[in-house]
Amino acid sequence: MTSVKPADRNFVASLQKGLEVLTCFGRQHSRLTVSEVARLTGSSPASARRSLLTLEQLGYLGSDGKRFWMLPRALLVAHAYLASRPTPSMAQPLLDALSERTRESASLGQLLDDDAIVIARSTARRSLSTGLGIGSRLPAYCSAMGRVLLAGLPPGDLPARVHAMRRLPLTPRTIHDAAQVIELVELARAEGYASNAGELEIGVRSMAVPVHDRQGQVVNAMSIAVRVERMDMAEFREAFLPMLKRARDTLEARLFPA
């Protein structure tokens, strides 16, 4: 987990610790002890315990006295973002239409620390189910969405950013060598899209394209995924890349009208 360093005396360190505790829960960490939370957040057990008990009293966490888990009140934080920002609401009908036409899952994400975080998603009836949802994080170094977002960084910043990442082989096909990752990101910058085949999950291919603001800066990435048995990469690219780009173009026009 990335810790933010205090900028000035107005920085509230206890709030930082509480938010780090709240966001350390996930699919693989659904019920956590104090010591587990301390390890995941890099804090002391005493600090983790205080944050956990405070969040429990506020109704964000439940507990049996040993383990803690998220309660529905935590959804208020995510809802506040989704309801107050235009991008997810404008993207959702476009993702729904794309997913309906292709019968595959479509997502929108943005760069968060070393990950691409999903901020909007649509899954068609016959689409694969990979457990992704709004708020899911995909490692930027080995996801199509992440590589597109990394391609939006200033070229001079890319090497240091990639070398500083924790890059693990998530599957036997994961490309995690820093030089190879940088090469793929630069290719994505040149070609205007990135692809992925089995690097995050065996049997799944994905493609992503960048979403630009009025100044041409990359602000988001839109992606689509398919099971490998449905089509090979060449067929996937030919069939779905034009539709993905059209959906992206429409979103850019709505978000940043001329």
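For region 91-166, the relative contact order is 25 percent, taking Cα pairs closer than 8 Å that sit 6 or more residues apart in sequence and dividing their mean separation by the residue count. For Leu61, the residues 5 or more places off, or on other chains, whose built amide H falls under 5 Å of its own are Glu56, Leu71.
Less than 5 angstrom separates the built amide H of Val211 from those of Val219, Asn220, Ala221, Met222, all sequence-distant by 5 or more or on a different chain. A cut-off under 14 angstrom between Cβ atoms defines the neighbours of Ala247, and their net charge, with Lys, Arg +1 and Asp, Glu -1, is +1.
Taking 0.36 nm per residue of sequence separation and removing the Cα-Cα distance, the Ala83/Ile175 pair yields an extension gain of 29.5 nm.
Summarising the label geometry, the points placed 7 Å from Cα in the beta-carbon direction at Arg230 and Arg101 lie 1.4 nm from one another.
Loop-located trypsin sites (Lys or Arg not before Pro) across region 175-222 with a Cβ neighbour count of 16 or fewer within 10 Å are Arg214, with loop assigned by DSSP. Rounded, prolate or oblate: which fits region 155-217 when a ≥ b ≥ c are the square roots of the eigenvalues of the alpha-carbon gyration tensor, with rounded for a/c under 1.5 and prolate only if a/b beats b/c? In terms of gyration-tensor shape, oblate. Once you sort the root eigenvalues of the Cα gyration tensor of region 13-76 as a ≥ b ≥ c, which label holds: rounded (a/c under 1.5), prolate (a/b larger than b/c) or oblate (the other case)? It is rounded, given that a/c, with a ≥ b ≥ c, falls under 1.5.
Considering only alpha-carbon pairs that sit under 8 angstrom and 6 or more positions apart, the relative contact order computed for the chain is 14 percent. The simple Förster model, with R0 at 25 Å and r as the Cβ-Cβ distance, assigns Asp249 and Leu112 a FRET efficiency of 0.55.
In this structure, the amide hydrogen of Ala120, modeled 1.01 Å from its nitrogen in the peptide plane, lies closer than 5 angstrom to those of Leu108, counting only residues at least 5 positions away or on a different chain.
Only the coordinates and a few stated rules stand behind these numbers; no lab work does. Computed from a prediction, not measured in an experiment: that's the story for all the values here. With ideal geometry, Cβ positions are generated from the backbone for all residues, glycine too; neighbour counts draw on all protein chains shown.
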